[in-house]
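The values are calculated or read from the model by the stated rules, or taken from the named source; none is laboratory data. Not measured: the values here are computed from a predicted model. Here the Cβ is made from the backbone with ideal geometry for all residues, glycine too, and neighbour counts use every protein chain on show. Heavy atoms of the whole protein, side chains included, go into the accessibility calculation; ligands, DNA and RNA do not. Shrake-Rupley method; radii C 1.70, N 1.55, O 1.52, S 1.80 Å.
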Amino acid sequence: MYYPEELIEEVRVKNDIVDVISGYVRLQKKGSSHFGLCPFHNEKSPSFSVSRGKQMYYCFGCGAGGNVITFLMEYENYSFIEAVKVLADRAGINLPEMEYSKEAKEKADLRTTLLEINKTAAQYFYVQLKSEQGKIAYTYLKNRELTEDMIKVFGLGYSNKYSNDLFQYLRNKGYSEELIRQAGLINTDEKNGVYDKFWNRVMFPIMDVNNRVVGFGGRVMGDGKPKYLNSPETVVFDKSRNLYGLNRARTSRKPYFLLCEGYMDVISLHQAGFTNAIASLGTSLTTGHSSLIKRYVQEVYLTYDSDEAGTKAALRAVPILKESGISAKVIRMDPYKDPDEFIKNLGADEFEKRISNARNGFLFSLEVLSRDYDMNSPEGKTTFFHETARRLIGFEDELERNNYIEAVAKEYKVSEDSLKKLVTKTAVSEGMAKPAVRPKTASGREKPKEDAILVSQKILLTWMIEEIKVFSIIQKYITPEDFTVKMYKTVAKLLYEQYAAGKLNPAKILNHFTEEEEHREAASLFHTKIKELSTREEQEQALKETIFRVKSNSIDNRMMHLEPADIIGLQRLMDEKRILDDIKNLHISIE
Ligand SMILES: [Zn+2]
């Protein structure tokens with residue numbers, strides 16, 4: 001940490017969260033909390049709550065949450081330290097000048113250093129683009145009609161033809177070969193030694209939602225292969241959880257995103273005023289992507305290429321989005337290949353029209369099909385449904401297929417059941433019947449059973465800070481070790497320390513984390529929905545059951561990981577098992 005803990009806490013305490021957030025969001029007092037429209041996702045009725053008592057905010061819609069420092073990190077895209085500085089300023093607190101010494105640099109964690117290396121590399125590429133040798137790339141971008149403004153906003157650059165230019169540059173900046181390798185910027189082989197991963201390419205820095213460069217995409221100049229090259233996954237770059245352009249799209253204030261295939265599509269859409277365009281990064285859409293999207297919007301317009309591959313990708317994306325609760329529509333780009341080409345030829349207004357006419361891709365294809373049949377005659381209709389059933393078999397994933405059966409049945413007013421039977425019958429007659437499989441989620445994995453126990457653990461943590469009486473009961477039976485996730489353990493440990501010192505202060509606990517993601521997760525631990533229970537007896541019963549569940553899960557867990565020779569450990573667990581009986585017979589009173 002750059003500043004002493006007490007100093008950060010002083011800054012936090014001197015900035016009342018309701019006062020600070022009121023400067024951004026119109027809040028209304030309701031009970032012990034203030035409510036407003038969430039600034040982090042689009043909504044019509046307020047689910048964004050700010051509590052003066054807890055000094056925390058939380059959105060029950062999208063899960064955004066944290067203390068006053070987190071809010072500035074999320075809203076203004078500040079880093080933790082930047083947010084602390086701004087708040088110190090606001091409260092008139094003088095922060096000591098921090099010297100960024102060599103030691104401090106070495107100590108800073110790997111993530112920070114890798115982000116720093118990426119940033120330095122991005123700046124380097126940017127300068128190259130404007131230099132004499134970058135002319136080839138600059139001309140390429142100009143030929144694609146990109147404005148100076150877009151080049152700057154997206155931080156586009158050029159990696160030149162010398163094969164270890166960037167490597168030398170970063171070495172001169174004092175970064176070790178090992179770190180540069182971990183940033184994914186170099187390769188090594190026997191013949192060439194160490195060389196830059198990217199050379200002779202237009203460079204697209206990939207930024208996270210906080211505008212930090214986490215990786216790169218590069219498009220080769222000339223005919224080299226591959227045409228597009230991406231950074232490998234690194235400590236800071238998880239491809240299935242990053243979307244190109246999201247850093248800008250999330251502040252577009254539009255209720256939907258345009259999801260496209262490539263970097264250039266995103267940039268040309270932004271240039272045309274569609275600042276809500278994003279792209280998945282050279283991979284097909286994952287559930288990680290869709291839950292990231294869900295934080296900001298409920299609706300996605302797929303703006304994939306109009307070729308077969310694009311259509312297929314769109315059809316694949318629909319159920320994944322649907323699983324996250326996002327409704328998806330497909331924008332047709334024909335007769336053009338992609339949004340970039342479309343806008344260059346027909347302009348933004350025409351594209352806007354395509355958005356309003358967007359349709360589900362499969363339903364669109366059926367609509368076209370239906371024109372070949374006389375849908376008013378029973379015979380024509382029947383033939384149409386036979387053909388439709390044949391096409392529906394094309395969806396191999398059962399969930400996906402059922403989603404489409406449901407939609408088609410609704411659209412063409414037939415019973416879902418009979419359409420389903422027709423599909424099965426057609427599959428059998430075409431010899432394509434598959435053995436029945438257990439229903440799975442679209443991502444192909446079953447929902448982990450663990451979820452329920454994690455919720456129980458979260459409920460305990462939330463309950464503990466809500467009612468001090470409950471805390472005193474819980475701490476008799478539950479220790480921080482009973483929480484199975486590292487973050488839960490840490491948070492519980494800090495809470496117990498605060499409790500022992502006489503004052504619970506959950507907002508302070510967030511100061512222990514410097515990443516927005518961690519703040520969000522920690523804040524959610526204090527805002528788990530506890531079922532409204534009317535009578536005290538019901539509450540007591542629920543509390544008892546939750547304690548029992550968490551404790552017995554913890555014992556089972558440790559039992560499973562016990563070394564066979566660990567007699568003492570076993571004895572301890574047996575003793576703890578006895579506590580379970582105590583809990584069962586416990587009479588809890590939260591009077
Ligand atoms: Zn929200």
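Of note:
- Of the candidates S284, S291, the single residue that is under 25 Å from F216 (Cα atoms) and within 16 Å of the ligand (Cβ to nearest atom) is S291.
- Summed over segment 92-121, residues that are modelled with pLDDT of 65 or more and acidic (D, E) total 3.
- Residue that is nearest to the ligand (Cβ to nearest atom) [pool: residues in segment 61-78 that are open to solvent by 10 Å² or more (accessible area, probe 1.4 Å) and in contact with a helix residue (DSSP H, G or I) (Cβ under 7 Å, 6 or more places away or on another chain)]: G63
- Any chance L229 is at pLDDT 90 or above, over 17 Å from the mean Cα position of the chain (by Cα), open to solvent by 30 Å² or more (accessible area, probe 1.4 Å) and under 12 Å from L281 (Cβ atoms): yes
- Against the numbered list (1) open to solvent by 80 Å² or more (accessible area, probe 1.4 Å); (2) over 26 Å from the mean Cα position of the chain (by Cα), V18 comes up short only at (1).
- Subset of segment 46-60 that is within 12 Å of the ligand (Cβ to nearest atom) and among the small types (G, A, S) - its residue that is farthest from Q298 (Cα to Cα): S49
- Tabulated pairs, segment 345-361, first surrounded by fewer than 17 Cβ atoms within 10 Å (Cβ to Cβ), second of a type in the set (F, W, Y) and outside any helix (DSSP H, G or I), C-beta under 9 angstrom, 6+ apart or interchain: N345/Y336; L346/Y336; A348/F274; E352/F274; I355/Y256; I355/F274; I355/Y301
- Members of segment 23-45 that are within 13 Å of the ligand (Cβ to nearest atom) and either open to solvent by less than 70 Å² (accessible area, probe 1.4 Å) or among the β-branched types (V, I, T) (or both): V25, F35, G36, C38, P39, F40, H41, N42, E43
- Enumeration of residues in segment 117-133 that are among the small types (G, A, S) and within 16 Å of F237 (Cβ to Cβ): A121, A122
- Within segment 294-315, considering residues that are over 17 Å from P339 (Cβ atoms) and either in a helix (DSSP H, G or I) or open to solvent by 30 Å² or more (accessible area, probe 1.4 Å) (or both), the one farthest from the ligand (Cβ to nearest atom): E308
- Which numbered condition N15 fails, given (1) within 11 Å of the ligand (Cβ to nearest atom); (2) more than 25 Å from R253 (Cα to Cα): (1)
- Highlighted here are the helices (runs of 4 or more DSSP H) found entirely within segment 475-591 that include at least 1 residues which are touching a residue at least 60 places away in the same chain (Cβ under 8 Å): 506-509, 516-525, 536-560, 567-585.
- Near pairs, Cβ below 8 angstrom, 6+ apart or cross-chain, from segment 291-302 (touching a residue at least 40 places away in the same chain (Cβ under 8 Å)) to any residue that is part of a helix (DSSP H, G or I) and within 15 Å of the ligand (Cβ to nearest atom): V300/I293
- Filter pass, Y58 being modelled with pLDDT of 95 or more and crowded, with 18+ Cβ neighbours inside 10 Å: no
- Count of segment 532-557 residues which are hydroxyl-bearing (S, T, Y) and surrounded by 13 or more Cβ atoms within 10 Å (Cβ to Cβ): 3
- Any hit, segment 259-269, residues being at pLDDT 90 or above and β-branched (V, I, T): yes
- Candidates in segment 79-88 are the residues that are more than 21 Å from the chain's Cα centre (by Cα) and touching a residue at least 24 places away in the same chain (Cβ under 8 Å); of these, the one that is nearest to the ligand (Cβ to nearest atom) is L87.
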